[in-house]
1. Tell me, in nm to one decimal, what length is gained between ALA573 and PHE803 on full extension, where the rule is 0.36 nm per residue of separation less the Cα-Cα distance?
2. Of LYS572/LYS645; LYS437/LYS462; LYS348/LYS572; LYS361/LYS481, which ones are farther than 19 Å apart at the Cα?
3. At 0.36 nm per residue, and after removing the present C-alpha to C-alpha distance, how many nm does the segment from ARG620 to MET263 gain when stretched out fully?
4. So which aspartates and glutamates can LYS664 reach, going by Cα to Cα under 19 Å and dropping same-chain residues fewer than 8 places off?
5. How do 727-737, 603-613, 384-394 rank on mean C-beta neighbours within 10 Å, highest first?
6. Run the reach check for LYS712 against aspartates and glutamates, Cα to Cα strictly under 13 Å, same-chain hits fewer than 8 apart removed. What comes back?
7. Among 921-927, 663-669, 875-881, how do they line up from the highest to the lowest mean number of other beta-carbon atoms within 10 Å?
8. Can you return the lysines within cross-link range of LYS324? Criterion is Cα-Cα under 18 Å, with same-chain partners fewer than 8 residues away left out.
Amino acid sequence: MTARSFPAPVSEPYREPAASVSSALAVDPDKGLSASEARVRLERFGENRLRERAPVATWRRFLGQFTDVLVLLLLAAAAISGTLWLIERESALPYEAMAILCIVLLNAVMSHVQQARAEEALRALRQMASPRATVIRDGVRLTIASRLLVPGDIVLVEEGGTVPADARLIEASALQVAEAALTGESAPVSKNVEPISQEVALGDRRNMIFSGTSVTRGHARAIVTATGMDTEMGRIAGMLEATPGEATPLQADLDRAGRLLGMVVIGIAAVIVVAVLSVSEVRGLPGLFDILLLGVALAVAAVPEGLPAVVTAVLALGVQRMAKRNAIVRRLAAVETLGSANVICSDKTGTLTRNEMTVRKVVTASGTMQFGGTGYAPHGRVEPDGTPDNEEALRAEAFRTLVAAGCANNAVLSEHNGRWSIGGDPTEGALIVAARKAGFEQAALESRFARIGEIPFSSERKLMSTIHADAERDGTRIFTKGAADVLLQKCTHELVGETTRPLTGGRRTEIALANEALAAQALRTLGVAFRTLDGEDTPPDERTETRLVFLGLVGMIDPPRAEAREAVARAKAAGIRTIMITGDHPGTAVVIAGELGIAEDRRAITGAEMENMSDEELDRVVREISVYARVDPAHKLRLVTALQKQGATVAMTGDGVNDAPALKAADIGIAMGITGTDVSRQAADFVLADDNFASIVAAVEEGRTIFSNIRKFLRYLLSSNVGEVMTMFFGVLLAGTIGLSDGGSGLVLPLLATQILWINLVTDGAPALALGIDPANGLVMTRPPRLRGEGMITPRMWAGIVFVGLVMATGTLMVFDASLPGGLIEGTGSTRYAQTMAFTTLTLFQLFNVFNARSDERSAFDGLFSNRWLWGAVALSVALHAAVVYAPFLQEAFSTVSLGPGDWLLCSAVASSVLWLREMEKAVRAQFGRWRGFDRRQ
């Protein structure tokens with residue numbers, strides 16, 4: 001069998017004609033590669049992506065769990081304990097050393113699993129946000145992940161897109177590319193398809209486009225010549241070292257809190273060790289070792305070393321839930337900002353509306369034609385509106401208008417399994433559908449009017465023109481469509497029936513009034529015009545768009561999304577103001593805004609009015625006006641700045657190249673996943689997979705839930721750890737008062753080091769994670785946004801943490817005292833029995849506290865059974881603790897004794913006090929109002 005042969009790489013494709021490059025890469029420029037050939041080449045050349053830092057091996061990551069100083073101290077303690085056992089042989093096995101090693105190992109396994117899950121979730125998020133590319137394969141236009149591109153693929157690029165691989169241009173229309181990231185050239189570079197005979201530098205290869213650069217204007221077809229690390233960008237990347245990922249502000253905040261707590265706790269542990277050494281009679285090396293081990297164990301138990309990993313896991317899992325609701329997070333740091341958002345500046349088209357434009361009316365010199373049907377299905381009646389004076393002339397004018405609009409068009413109408421869809425701009429798609437309703441097939445139009453040039457649409461000109469050779473009538477024509485007010489200024493004549501007449505001032509006024517009337521019906525309007533060109537007018541440029549013949553107005557509607565009104569209402573209830581921004585006519589904007597509940601007063605400001613406002617005037621306007629029409633992308637940046645001056649946390653949507661500055665300036669930049677450009681997606685924090693405003697509100701809800709859940713397990717972990725520290729601290733400080741002395745043998749501690757480590761393992765693991773995935777409660781979208789700059793742990797939270805810690809310490813020490821002779825409460829048990837009772841009480845305290853931690857204001861019984869994972873985690877913790885109390889081997893390891901039903905009842909009753917006391921506090925606060933530092937957003 002002969003080996004599979006592959007096309008030889010083209011070393012200098014810019015020096016070869018496009019046809020030679022296509023031949024060398026064995027691809028038909030019109031049909032592209034076949035799917036099977038693309039798969040073979042993908043296996044040969046690999047995926048089209050830059051080489052990433054090699055992942056850390058699993059075994060290395062696992063060993064990394066043992067590098068923490070406190071963990072190393074525990075391992076050293078286990079070694080010392082084992083050595084002492086070998087010397088003294090006081091028991092059959094070195095139970096203490098074995099227990100310490102098992103706990104350290106279990107902690108390492110849990111941390112490793114949490115870290116692995118977080119990394120897996122983050123990989124999934126990166127996959128969801130991976131860039132896309134448009135290719136021709138098997139003669140069909142497809143959108144695929146950019147990583148699947150191979151040499152020889154035919155790619156299509158257009159304004160706002162990012163070039164997915166190095167490619168040789170085959171066709172280019174007014175193409176300009178920003179190559180500053182690669183060459184340092186600040187201005188966009190114009191491109192063409194002509195070969196270059198001599199060797200030139202990278203920046204002068206005008207017939208090539210390069211991976212990672214951005215298309216700022218025009219569109220093109222090109223053949224991929226290099227992918228992945230073989231691209232120019234890949235060669236540069238190969239020279240650079242991979243940079244480590246940065247922690248989010250949230251993780252940094254928690255890391256600082258953890259370090260502060262750790263320093264405090266280690267200090268307290270040192271005080272306890274010194275106090276024990278000073279008040280007790282230390283008996284040899286084993287006694288000294290036990291006391292030092294207690295200090296290390298207390299520090300290990302109280303310092304939340306695994307907190308960053310848990311936070312990352314919860315964030316990653318949360319944003320995966322957000323992705324299921326069509327909001328893809330590009331930067332984890334943005335999740336925490338969502339909780340502060342109090343203004344959403346949303347585009348209208350496609351976000352608040354369906355972005356399925358439907359032509360309703362065509363207004364010409366002889367009257368109005370109405371179009372039935374909805375969406376992109378080319379079915380519906382076409383009939384005059386009323387009784388026109390000359391129906392024949394009206395039909396001729398309307399059909400000529402649709403012919404021109406269908407030609408000045410880059411959209412493609414297709415049908416698959418009975419479902420009609422548009423490839424390209426929805427507005428252009430609506431014109432194609434209307435032309436089909438009028439009986440004009442797209443293929444027939446293209447056959448008669450062969451396109452020979454284009455003047456692309458730009459947001460500054462608000463026009464688009466195409467130049468065509470008319471196969472039926474000798475000559476060349478320009479068809480132009482765009483904003484009616486702009487187009488009218490470029491028209492000198494008007495079509496009436498089959499004749500052309502000068503456009504008088506009176507007719508201009510009538511057309512302007514007709515345009516206003518359509519807009520008042522919430523119809524988006526476009527003007528359409530044409531002109532027959534002579535040889536002097538080519539090649540086409542913006543100067544060609546003059547002396548046009550006006551054909552008519554097209555009125556179309558993009559109906560509001562059914563779910564958008566509810567989403568706006570939910571946002572309002574959550575203290576979030578919605579602002580509509582659109583390039584549409586003000587009349588259209590206020591009608592849609594009124595239907596959605598955004599602006600009941602039907603007031604709107606236009607971009608032209610904004611231009612004439614000073615910054616101070618705009619600052620006053622944005623306080624009251626929620627609708628901005630005829631707005632350019634440049635105006636969005638002024639709006640963001642004005643709102644932020646007032647202290648607002650702003651979420652801004654965008655889809656175009658020029659939206660990138662506003663998206664970056666906003667606190668939360670949201671790009672459109674369907675209509676958005678790659679440039680806007682790269683500048684954004686979020687990408688909406690469905691371009692739906694309701695998904696923004698859903699993302700806010702998920703973001704608030706994630707933030708709330710992080711606070712829940714922080715509240716739980718820190719209060720539990722503080723409870724352990726206070727139990728040991730006050731046990732030593734008040735030893736004489738509560739009878740914690742064992743005759744003349746020295747000080748008796750409420751808990752042993754191994755018991756503290758076990759509590760930390762059992763209660764800080766599964767219950768904390770279960771809190772991290774607690775379902776959203778009904779109040780999360782009924783509260784005002786979190787205050788901007790508010791820390792993760794507030795003074796009120798610290799107060800609650802200390803209160804719970806005191807309750808735990810008090811209850812645990814009382815049970816310990818009641819289990820021993822002497823002290824404040826007389827008991828009759830042994831030291832080992834008393835420690836087992838304290839051990840069980842503190843464990844149950846923390847398991848009761850997990851239900852308190854779900855809210856600082858709602859009752860723990862509200863939605864008590866809504867989190868089945870939490871109940872499972874609590875049940876697992878109780879079962880593990882029961883094993884330590886009753887299993888003979890574990891009894892030796894943890895110095896416990898079996899407890900009777902009455903003992904369990906006492907421990908449970910005392911431990912439940914933390915639940916009842918917190919319930920009383922919540923009830924009192926609800927009855928008598930807020931106390932100092934209370935914030936209902938907690």
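Every number in this text was worked out from the coordinates using simple rules, so none of it is lab data. The shown structure was predicted, so the numbers you read here are calculated from the model rather than taken from an experiment. Note that we place each Cβ from the backbone using ideal geometry, even for glycine, and neighbour counts take in every protein chain shown.
1. Values: separation 230, 0.36 × 230 = 82.80 nm, distance 3.29 nm.
Contour length minus Cα-Cα distance gives 79.5 nm.
2. Working: LYS572/LYS645 21 Å; LYS437/LYS462 26 Å; LYS348/LYS572 17 Å; LYS361/LYS481 16 Å.
Violating the 19 Å limit, Cα to Cα: LYS572/LYS645; LYS437/LYS462.
3. On the way: separation 357, 0.36 × 357 = 128.52 nm, distance 4.87 nm.
Extra length available between ARG620 and MET263 comes to 123.7 nm.
4. Counting by Cα, and skipping residues close in sequence, LYS664 has these aspartates and glutamates nearby: GLU246, GLU336, ASP347, ASP632, ASP655, ASP678, ASP685, ASP691.
5. Numbers: 727-737: 19.0, 603-613: 16.5, 384-394: 13.5.
Descending mean neighbour count gives 727-737, 603-613, 384-394.
6. Straight-distance partners of LYS712: ASP764, ASP774, ASP856, GLU857.
7. Values: 921-927: 12.4, 663-669: 24.6, 875-881: 16.1.
The most tightly packed comes first, giving 663-669, 875-881, 921-927.
8. Counting by Cα, and skipping residues close in sequence, LYS324 has no lysines nearby.
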